[in-house]
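Novice: The structure is given below, and queries will be raised subsequently.
Where a number appears in this text, it was derived from the coordinates with a stated rule and is not lab data. All of these numbers come straight from a predicted model, not from anything done at the bench. Cβ placement follows ideal geometry from the backbone for every residue including glycine, while neighbour counts extend to all protein chains displayed.
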Amino acid sequence: MARMQRLLTNLFGQWFAMRRRFPEALLEEMTAAIASGERTHQGEVRFAVESRLLPWMVLEGVDAALRARQVFGQLQVWDTEHNTGVSLYVLMAEKRIEIVADRGIAGRVAQAEWDDICTRMRDNYASGRWREGSLAGIAAVHELLQRHFPCDGADNPDELPNRPVLL
């Protein structure tokens, strides 16, 4: 997407729709899904939604992938004991979904698996199924973490907040 088109998209897109698409009831459901899934593996999952990027960010070349990494750091997803944090980032204005995994996970999970989750979420969102897409994305991340980082019965503290963040 050309920078000027991205600027216009972010200036006029989606800020008014975030609360409609992610109402309190859905945020509570997502919180419960994250908490429940984290009991089955050693990972930590964060979910962040941003309606649009600020104009200066677009002009400086910040795209969804870079912003997802910034949010990963901002939410301290990297700060887990086993480096097993995963962040799902949704940029509504540009219809982009990015998943950022900490270094403990990145070497074990192929990028194609993360891309598949993003595609399934995007397909649901494009059809107006925001609830289904969000919960399916969370469930798919939990499935990958269960496969690669199963809970071994040891102490499994909840290191990060489970509630999705609306930026």
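Novice: Amide H neighbours of Val45 under 5 Å, at least 5 residues apart or on other chains, H built in the peptide plane: list them.
Specialist: Residues meeting the amide H criterion: Val86.
Novice: To continue, here is another question. Among DSSP beta bridges lying fully in the stretch 20-167, give the percent that are antiparallel, nearest 5.
Specialist: Among the beta bridges of the stretch 20-167, antiparallel pairing accounts for roughly 45 percent.
Novice: Next question. Compute, for the stretch 1-119, the length of the dipole vector about the Cα centre, with Cβ point charges of +1 (Lys, Arg) and -1 (Asp, Glu) only. Units Debye, rounded to 20.
Specialist: 480 debye
Novice: What number, rounded to the nearest 500 deg cm²/dmol, is the helix-based mean residue ellipticity at 222 nm of the chain, given -39500 (n - 2.57) per DSSP H run of at least four residues and division by all its residues?
Specialist: Result for the chain: -15000 deg cm²/dmol, rounded to the nearest 500.
Novice: What is the fewest-to-most order of Leu160, Leu145 by other Cβ atoms lying within 10 Å of their Cβ?
Specialist: Details: Leu160 19, Leu145 25.
So the ranking, lowest neighbour count to highest, is Leu160, Leu145.
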